[in-house]
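What follows is a single structure, written as structure tokens, with notes after it.
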Amino acid sequence: MPQPSFDAPTLQPTAIETPETFAKRRAELLGRLGSDSIAIFRSAPETIRNSDVHHAYRQCSDVYYLAGFEEPESTLILAPGRDKPFILLVRARDRQQEIWTGRRAGPEGVVRDYGADEAFDSAELTEHLGPILDEADLVYFARGRDRDFDRQLLELLDQSSRRRYRNGRPPTTLAHPAEHLDEMRLVKTGADLEALRRATEITVAGHREAMRFARPGRNELEVQAVLEYTFRRLGSPRNGYPSIVASGDNATILHYIENRARLAEGELLLIDAGAEWGYFTGDVTRTFPPGGRFQGAGADLYDAVLSAEQAAIDCVRPGMTVESVHLAALHSLADSLLELGLLEGTRDEVIESKSYRRFYMHRTSHWLGMDVHDVGRYKEKSEWRPLVAGMVLTVEPGLYIAADDESVAPAFRGLGIRIEDDVLVTADGVEVLTAGAPRERAEVEALTAG
Ligand code: GLY
Ligand code: MN
Ligand code: MN
């Protein structure tokens with residue numbers, strides 16, 4: 001493999017997160033919960049890939065956010081009404097198991113290293129959780145992520161409710177923790193923002209390296225390898241989502257992840273990929289002519305998407321909404337589609353009839369954070385919520401012309417273009433976290449031809 005020439009120095013992992021990072025987040029959540037309530041968070045389940053092979057394990061974002069603990073089969077409990085409010089149930093130490101599958105902290109280790117006030121063997125969940133449930137009028141728990149654990153917890157809740165009933169207390173109410181935790185995760189400050197900055201910095205470096213490496217004749221899979229090698233080299237342990245490396249009309253498939261076609265002369269390449277760092281992820285898309293120049297219809301469509309992206313970014317600031325950002329992109333795209341003769345009518349007619357949806361079928365923004373489509377409400381009741389400083393969102397307009405769309409001029413068919421950046425809402429405007437990946441045609445060409 002040719003040696004990639006890194007344009008960013010190798011980033012030494014630094015300790016952005018300290019035990020205080022997690023303690024601070026727990027304290028904030030504890031402060032939001034009423035003293036008669038508890039919150040339960042379960043680790044991500046392990047999933048079988050095939051035979052006795054598991055999919056690579058990644059901790060549930062909520063559990064990591066609150067404790068930095070990465071082992072499966074663990075349960076995190078926050079009980080604000082107790083003297084010892086932070087309880088962890090984790091796998092017990094087991095010499096044989098640890099030889100085969102890796103180190104375990106064990107209950108003692110999580111008290112020592114993860115700040116747990118109390119810790120128990122997760123095999124003793126019933127014994128320890130039962131009494132805690134008996135004391136709680138309200139239990140926050142996110143159902144639907146691990147059916148086996150859901151069933152186990154619901155059974156414990158039923159048992160507890162029967163005991164409470166006999167003692168003259170109402171059954172426990174179950175609620176989703178989103179209203180508290182997701183709102184905390186939505187606004188990025190301190191360590192969140194530092195981790196996210198690092199994730200976007202690594203993401204940009206990977207894109208730049210892939211842009212340099214891609215050439216006609218090379219395979220999408222090779223380009224993916226260079227991109228992800230760069231991510232790993234710079235300290236990212238995994239991607240935030242499967243990389244999309246889509247050449248030619250593969251780029252019209254929004255979630256194309258086969259990544260095994262050969263790059264052909266004259267075709268564009270769309271790459272949508274993001275590196276994780278500290279459990280936060282970047283989410284960047286660039287579309288470029290491998291080794292060459294934008295030409296003809298491809299150049300026209302690229303300019304249309306770039307103008308729409310800039311119009312949308314220009315409208316990101318406190319007080320605006322993701323809907324206003326989307327509309328800015330949409331108006332710009334509609335104007336371009338009319339100018340290019342791809343649609344007919346007026347801008348208002350195009351928006352009203354949604355005729356643009358043939359070519360632009362997704363929205364412009366989503367929250368970005370620990371999850372690529374991050375948590376947090378978009379609306380308050382039915383109103384789009386105003387952006388506030390610390391929110392991070394993507395801006396990602398695109399145009400996709402089906403290869404078999406005979407209603408458009410042949411030169412446009414099979415083109416798929418998206419440009420995606422990650423932007424931070426600041427006190428008075430916007431900061432593009434991913435500005436290091438070139439977008440202007442001349443800058444893109446300078447990098448890809450270099
Ligand atoms: N890569 C997923 C997205 O852009 O939303
Ligand atoms: Mn995105
Ligand atoms: Mn993306």
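A few remarks follow.
- Verdict on Val425 being closer than 30 Å to Arg58 by Cα, more than 14 Å from ligand 1 (Cβ to nearest atom) and open to solvent by less than 10 Å² (accessible area, probe 1.4 Å): yes
- Residue in the stretch 360-375 that is out of contact with any Phe, Trp or Tyr (no Cβ under 7 Å at 6 or more places or on another chain), more than 16 Å from ligand 1 (Cβ to nearest atom) and in a loop (DSSP other than H, G, I, E, B) present: no
- Selection within the stretch 180-211 - assigned to a loop (DSSP other than H, G, I, E, B) and surrounded by fewer than 24 Cβ atoms within 10 Å (Cβ to Cβ): Thr189
- Unique residue being within 16 Å of ligand 1 (Cβ to nearest atom) and either in contact (Cβ under 8 Å) with a residue 24 or more places away in the chain or in contact with a Leu (Cβ under 8 Å, 6 or more places away or on another chain) (or both) when the list is Tyr378, Tyr356: Tyr378
- Residue tally, condition open to solvent by 10 Å² or more (accessible area, probe 1.4 Å) and touching a residue at least 60 places away in the same chain (Cβ under 8 Å), over the stretch 300-313: 2
- The stretch 234-289, residues that are of a type in the set (A, V, I, L, M) and part of a strand (DSSP E or B): Ile244, Val245, Ala246, Leu269, Leu270, Ile271, Ala273, Ala275, Val284
- For beta carbons closer than 6 Å, sequence separation of 6+ or different chains, a first residue in the stretch 267-281 that is at positive phi and a second that is more than 16 Å from ligand 1 (Cβ to nearest atom) and open to solvent by less than 10 Å² (accessible area, probe 1.4 Å), the qualifying pairs are Gly278/Ala195.
- Yes/no for Gly206 being closer than 26 Å to Asp422 by Cα, in contact with a helix residue (DSSP H, G or I) (Cβ under 7 Å, 6 or more places away or on another chain) and touching a residue at least 60 places away in the same chain (Cβ under 8 Å): yes
- Any hit, the stretch 401-420, residues being surrounded by fewer than 21 Cβ atoms within 10 Å (Cβ to Cβ), of a type in the set (Lys, Arg) and at positive phi: no
- Subset of the stretch 433-450 that is closer than 18 Å to Glu265 by Cα, aliphatic (A, V, I, L, M) and touching a strand residue (DSSP E or B) at 6+ places or on another chain (Cβ under 9 Å) - its residue that is least open to solvent (accessible area, probe 1.4 Å): Val444
Yes or no, residue by residue, for (1) of a type outside the set (A, V, I, L, M); (2) within 16 Å of ligand 2 (Cβ to nearest atom); (3) closer than 25 Å to Ala449 by Cβ; (4) not assigned by TED's automatic domain parsing to the domain that holds Glu220:
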residue: Arg286; (1), (2), (3), (4): yes, yes, yes, no
residue: Arg293; (1), (2), (3), (4): yes, no, yes, no
residue: Val325; (1), (2), (3), (4): no, yes, no, no
residue: Ala328; (1), (2), (3), (4): no, no, no, no
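Residue-wise test of (1) in contact with a Ser or Thr (Cβ under 7 Å, 6 or more places away or on another chain); (2) under 30 Å from Lys379 (Cβ atoms); (3) at pLDDT 95 or above.
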{"position": "Tyr165", "(1), (2), (3)": "no, no, no"}
{"position": "His176", "(1), (2), (3)": "no, yes, yes"}
{"position": "Gly190", "(1), (2), (3)": "no, yes, no"}
{"position": "Glu209", "(1), (2), (3)": "yes, no, yes"}
{"position": "Arg215", "(1), (2), (3)": "no, no, yes"}
{"position": "Asn219", "(1), (2), (3)": "no, no, yes"}
{"position": "Ser247", "(1), (2), (3)": "no, no, yes"}
{"position": "Tyr279", "(1), (2), (3)": "yes, yes, yes"}
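- Filter result for Arg286 (charged (D, E, K, R), surrounded by fewer than 17 Cβ atoms within 10 Å (Cβ to Cβ) and touching a Lys or Arg at 6+ places or on another chain (Cβ under 9 Å)): no
- In the stretch 366-392, residue surrounded by the most Cβ atoms within 10 Å (Cβ to Cβ) [restricted to those that are farther than 18 Å from Ala273 by Cβ and within 15 Å of ligand 2 (Cβ to nearest atom)]: Met391
- When the stretch 111-164 is filtered for residues that are among the small types (Gly, Ala, Ser) and closer than 23 Å to Leu66 by Cα, the ones remaining, listed by number, are Gly115, Ala116, Ala119, Ser122, Ala123, Gly130, Ala136, Ala142, Gly144.
- Which numbered condition Ala334 fails, given (1) open to solvent by less than 70 Å² (accessible area, probe 1.4 Å); (2) away from ligand 1 (no atom under 16 Å from the Cβ); (3) in contact (Cβ under 8 Å) with a residue 60 or more places away in the chain: (3)
- Screening Val350, Val395 for residues that are at pLDDT 95 or above, within 25 Å of Ile244 (Cα to Cα) and out of contact with any His (no Cβ under 9 Å at 6 or more places or on another chain) leaves exactly one candidate, Val395.
- Take the conditions (1) within 15 Å of ligand 1 (Cβ to nearest atom); (2) open to solvent by 10 Å² or more (accessible area, probe 1.4 Å); (3) of a type outside the set (Ser, Thr, Tyr); Gly278 misses just one of them, which is (1).
The values are calculated or read from the model by the stated rules, or taken from the named source; none is laboratory data. These numbers come from a predicted model, not from an experiment. All Cβ positions, glycine included, derive from the backbone under ideal geometry; neighbour counts span all protein chains shown. Ligands, DNA and RNA are stripped out before the accessible areas are found, and what is left, the full protein with its side chains, is counted by its heavy atoms. Shrake-Rupley method; radii C 1.70, N 1.55, O 1.52, S 1.80 Å.
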